[in-house]
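The block underneath contains the structure these notes are about, expressed in structure tokens.
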Amino acid sequence: MADILSILLSDSFWAAALRIATPLIFGVLGALLCERSGVLNLGIEGIFVAGAMTGWLAVWMGAPLWLGVLAAALAGAGFGLIHAILTVPLGLSQHVSGLGVTMLATSVAYFTYRTALPDVTSPPRITPFQPLDIPLLSDLPFVGPVLFQQTALTWLALGCVFLVWYVLNRMSLGVALRAVGDNPDAVDAQGLSVYGLRIGAVMAGSALMALGGAFLTMSAFDAFFFGMVNGRGWICIALVIFASWRPGKALLGALLFGAFDAFQVRLQTEVGAMVPGQVFLMAPYILSIIALVVAARGADYPRALLTPWFKGQR
Amino acid sequence: MSAPVLELSGLSKRFGAVQANADVDLSLGRGEVLALLGENGAGKTTLMNMLFGHYLPDAGHIRVDDGQGLRDLPLGHPQAALSAGIGMVHQHFTLAENLSALDNILLGVGSLLSRRKRGGAARAHVEDVMARSGLQVALDTRVSRLTVGERQRVEILKALVRNTRILVLDEPTAVLTPQEADSLFANLHQLAVDGLSVIFISHKLREVLAFSDRIAVLRHGRKVGEIATAEADERRIARLMVGAEAPQVERAPMDPGAPVLELSGIRCEAASARDRLSDVSLTVHAREIVGIAGVSGNGQAALAAVISGLRAPDAGEIRVGGALPARHTPAALIRAGVGRIPEDRHHDGVVGSMSVAENLILERLDGPDVQRRGFLRRRQIDAAAIAAVEEFDIRGPGPDAPVRLLSGGNMQKMILARVFRAAPKLILANQPTRGLDLGAAAEVGRRLVAACGDGAGVLLISEDLDELIALSDRILVMVDGRLTEAPRRDRTEIGLMMAGAAA
């Protein structure tokens, strides 16, 4: 018991939780934006891979880090555009199109990687984002290491939480986005473009998802390797429901998952001898499912989610 | 009439085989309340959707006063109609339920990149409009928590805050209680006094007479009359609405046989009037066609659901061929001898992706000619399908083609073939000719009469009075979930009863 408590009170545990949560924050915000407009984006897993690869490749080829981040976001927006065209004006099944985009984006990313680096066996490294060592603040006890020794991308993720919240709740655009996810006819009747809003939301959301991927290769690690996204995209899809499509709760959900994950690593080193390691690997997912069951009951789905809308049909 | 603010001239629209509107002229004065009256399918909603730019007319012009005289309105663009000052309140509300009333009202006002308007000038403007119009709503309440009447006020406010000068309301009172309807019209009257021009669609004679300045009547897509309300009376409007021409074919009456369907004291409780039945009793005999007239949404759907076994009544008794069905399920009622021609043939009548042959056996999958020990007897099924296609003249790619490829008329013939092959005691025909062209509709009528001659009883639910008068032996009128026998086969009389006036 004392072991567990000492884990929960250590600053390195909370720093790790926030670090693990960062890609999830990007992903869950992106998925939330898409779904608020009425489009489920199961392309998320592949867009993570594409973002991770693009950002890393740009930097490896000599671009500055922030240009790599931009390249990743653009790649994400591009795959988002494919998904949006298929599901919004063409009205195809959002599930099928999303899974298709995941497979496409993953394959394109691996293919590009292999084409650019045909002969390497061990993944080449780049110099990733370094922890922002903010004078004074970084030296604060507990808060310093947890908050102020993270990389710039973690701060970008936290900024995006505020940005998405601000757009959704404080701007006319956000009101229109929420309306189009509830009743596209309401938006159409006011002379706004249902297609424009949805395509825009899916592209912006996909760009955020790609940033989640870019964090993996440009901050958490310094190389791109196969299978590194490892289901993080799917976790985000579940976390959106946990978050009831609210940015603030999305941050909470991502942090909770990050904490579970960081906790299991530490617990493993403490009591690893008694319990097989796989149990610990399962723990965050099982706890997520439990959290989801508790939080998602009576979830207030965007009413138009998954429903295509066609101009001139009412 | 004061100077016109709106002129429609020669508007026509055709959907496939159906001429929804033909050469309609209409004009509207400033501050005038015009009622657009007509039966279902008369083309009222289509006309208004053309005005608002949802549909592109096949022919005709719309001219709107933009302050400096009448100008042509670009057709087919809702945005153009909005900026010309035309506001429309649809029958089905276009509200986002996850937003507050205020957010809905201000949706799309101003730039999307501006701050969300929640206070200050925008809110003051909405409150001012509320005060002037008398339409009060709690602005900060989510629409999902508002009542139907409040939601409608939000819809109207949505139009008014955009400086609408012409307001179109599609059946505004269909969902309101009588009290809500009265207060709505009082508010509209006030707005008209202040200069708003209003067009409202209705088929309720009472409110049309009480609240309009002028009445235009549509029938079969054409404007058949226009009267100042002051000179109108119920009888005259009803005659315009349902037409005055003589019924086409009088059917030789046959000797009715034993009762095949007896409903006694059927009652269904429901929140909305369209699903409610109060104390419905009805007998259909063999070799008899009984027609049910009425404006749709008065309980016909509930009656059809009870007779086809989809819904168990809360009280009352149903007998088919003199016997109580074992259970009140569709399967039991089919076995008892009910053949169904459903109202929405695409949705309830066929499985579009399955072939004609497969659809023909859907109601009798356990028949000995369909299966043996659970295995389909393909050869028999195909032979029967070919025979049915021949006999009922089902035109299309063939018995193996998916049903969704058939036209509406041929799909209906396929359903008739399925019903008649089971030799039902009672045929429930719910709007059997809706959406069909004249030839196909006449064919359906002939088949029903023929089945009747073979000893079946037919319950024909229809909104088309011509059809009912031509085919039925007796006509009952359904209003508000109640059935009343029409004393005479007199279209004016029936029209009055349909509109809820005492016969």
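How many residues are farther than 19 Å from A:PHE224 by Cβ and either in contact (Cβ under 8 Å) with a residue 12 or more places away in the chain or polar (S, T, N, Q) (or both) when one looks only at segment A:2-23?
Number satisfying all stated conditions: 15.
Go through B:LEU102, B:LEU75 for me and flag whichever is within 14 Å of chain A (Cβ to nearest Cβ), more than 29 Å from the chain's Cα centre (by Cα), within 21 Å of A:GLY191 (Cβ to Cβ) and crowded, with 16+ Cβ neighbours inside 10 Å.
So the residue among B:LEU102, B:LEU75 that is within 14 Å of chain A (Cβ to nearest Cβ), more than 29 Å from the chain's Cα centre (by Cα), within 21 Å of A:GLY191 (Cβ to Cβ) and crowded, with 16+ Cβ neighbours inside 10 Å is B:LEU102.
For the condition part of a helix (DSSP H, G or I), away from every other protein chain (no Cβ under 14 Å) and out of contact with any helix residue (DSSP H, G or I) (no Cβ under 7 Å at 6 or more places or on another chain), what is the one hit in A:LEU208, A:LEU158, A:LEU163?
After applying the criteria, what remains is A:LEU158.
For segment B:450-502, enumerate the residues that are part of a strand (DSSP E or B), free of Cβ contacts under 8 Å to residues at least 12 places away in the same chain and of a type in the set (A, V, I, L, M).
Answer for segment B:450-502, where residues must be part of a strand (DSSP E or B), free of Cβ contacts under 8 Å to residues at least 12 places away in the same chain and of a type in the set (A, V, I, L, M): there is none.
Could we say that B:GLY337 is without any contact (Cβ under 8 Å) to a residue 40 or more places away in the chain and either crowded, with 20+ Cβ neighbours inside 10 Å or hydroxyl-bearing (Ser, Thr, Tyr) (or both) here?
It is false that B:GLY337 is without any contact (Cβ under 8 Å) to a residue 40 or more places away in the chain and either crowded, with 20+ Cβ neighbours inside 10 Å or hydroxyl-bearing (Ser, Thr, Tyr) (or both).
Collect the residues in segment A:162-200 that are aliphatic (A, V, I, L, M) and under 16 Å from B:SER100 (Cα atoms), keeping them in residue-number order.
If the condition is that a residue be aliphatic (A, V, I, L, M) and under 16 Å from B:SER100 (Cα atoms), then A:LEU168, A:MET171, A:LEU173, A:VAL175, A:ALA176, A:LEU177, A:ALA179, A:VAL180, A:ALA186, A:VAL187 are the ones that fit.
A:SER93 - would you say it is closer than 30 Å to B:GLU97 by Cβ, among the hydroxyl-bearing types (Ser, Thr, Tyr) and surrounded by fewer than 24 Cβ atoms within 10 Å (Cβ to Cβ)? Spell out how you get there, then give the answer.
Working: closer than 30 Å to B:GLU97 by Cβ: yes; among the hydroxyl-bearing types (Ser, Thr, Tyr): yes; surrounded by fewer than 24 Cβ atoms within 10 Å (Cβ to Cβ): yes.
So A:SER93 fits the description; yes.
Restricting to segment A:26-68, what's the tally of residues that are part of a loop (DSSP other than H, G, I, E, B) and closer than 26 Å to A:ARG178 by Cβ?
Qualifying residue count for the region: 7.
So is A:ASP188 in contact with a helix residue (DSSP H, G or I) (Cβ under 7 Å, 6 or more places away or on another chain), touching a residue at least 24 places away in the same chain (Cβ under 8 Å) and within 8 Å of another protein chain (Cβ to nearest Cβ) or not?
yes
Name every residue in segment B:291-314 that is within 16 Å of B:ARG267 (Cβ to Cβ), touching a residue at least 40 places away in the same chain (Cβ under 8 Å), out of contact with any Pro (no Cβ under 8 Å at 6 or more places or on another chain) and of a type in the set (A, V, I, L, M), in order of residue number.
If the condition is that a residue be within 16 Å of B:ARG267 (Cβ to Cβ), touching a residue at least 40 places away in the same chain (Cβ under 8 Å), out of contact with any Pro (no Cβ under 8 Å at 6 or more places or on another chain) and of a type in the set (A, V, I, L, M), then B:ALA301, B:ALA302, B:LEU303, B:ILE307 are the ones that fit.
Looking at segment B:81-90, can you tell me whether even one residue there is within 9 Å of another protein chain (Cβ to nearest Cβ) and under 25 Å from the mean Cα position of the chain (by Cα)?
yes
Just to be sure I understand, how many residues within segment B:219-243 are part of a helix (DSSP H, G or I) and not hydroxyl-bearing (Ser, Thr, Tyr)?
11
Looking only at segment A:174-185, filter to residues that are within 7 Å of chain B (Cβ to nearest Cβ) and within 22 Å of the chain's Cα centre (by Cα); which one of those is surrounded by the fewest Cβ atoms within 10 Å (Cβ to Cβ)?
The qualifying residue surrounded by the fewest Cβ atoms within 10 Å (Cβ to Cβ) is A:GLY174.
Where residues in segment B:38-72 are charged (D, E, K, R) and assigned to a loop (DSSP other than H, G, I, E, B), which of them is surrounded by the most Cβ atoms within 10 Å (Cβ to Cβ)?
Restricting to residues being charged (D, E, K, R) and assigned to a loop (DSSP other than H, G, I, E, B), the top hit is B:GLU39.
Please work out if B:ARG395 is surrounded by fewer than 23 Cβ atoms within 10 Å (Cβ to Cβ), among the basic types (Lys, Arg), modelled with pLDDT under 90 and under 27 Å from B:GLY455 (Cα atoms).
no
Is there a residue being in a loop (DSSP other than H, G, I, E, B) and over 22 Å from B:ALA192 (Cα atoms) anywhere in segment B:18-35?
No, every residue in segment B:18-35 fails to be in a loop (DSSP other than H, G, I, E, B) and over 22 Å from B:ALA192 (Cα atoms).
Can you confirm whether segment B:16-37 contains a residue that is surrounded by fewer than 22 Cβ atoms within 10 Å (Cβ to Cβ) and free of Cβ contacts under 8 Å to residues at least 12 places away in the same chain?
yes
Which residue, of A:ALA223, A:ALA254, A:ALA238, is more than 14 Å from chain B (Cβ to nearest Cβ), within 26 Å of A:GLY68 (Cβ to Cβ) and within 14 Å of the chain's Cα centre (by Cα)?
Answer to the selection: A:ALA254.
Hey, does segment B:121-128 have a residue that's in contact with a Ser or Thr (Cβ under 8 Å, 6 or more places away or on another chain), within 28 Å of A:LEU163 (Cα to Cα) and within 14 Å of another protein chain (Cβ to nearest Cβ)?
No, there is no match, as no residue in segment B:121-128 is in contact with a Ser or Thr (Cβ under 8 Å, 6 or more places away or on another chain), within 28 Å of A:LEU163 (Cα to Cα) and within 14 Å of another protein chain (Cβ to nearest Cβ).
Consider A:THR269 carefully, then state whether it is away from chain B (no Cβ under 14 Å), surrounded by 19 or more Cβ atoms within 10 Å (Cβ to Cβ) and part of a helix (DSSP H, G or I).
The answer is no for A:THR269.
Which of the following residues is more than 14 Å from chain A (Cβ to nearest Cβ), within 30 Å of B:LEU436 (Cβ to Cβ) and without any contact (Cβ under 8 Å) to a residue 60 or more places away in the chain: B:GLY43, B:GLY149, B:GLY69, B:GLY60?
When all the criteria are applied, what remains is B:GLY60.
Please identify the pairs in which a residue from segment A:116-144 that is basic (Lys, Arg) has its Cβ atom under 8 Å from the Cβ atom of a residue that is assigned to a loop (DSSP other than H, G, I, E, B), counting only partners at least 6 apart or on another chain.
Filtered contacts from segment A:116-144: A:ARG125/A:ASP222; A:ARG125/A:ALA223.
The values are calculated or read from the model by the stated rules, or taken from the named source; none is laboratory data. Treat the numbers as computed from the prediction; the structure is a model and nothing was measured. Every residue, glycine as well, gets a Cβ built from its backbone with ideal geometry; the counts of neighbours run over all protein chains shown.
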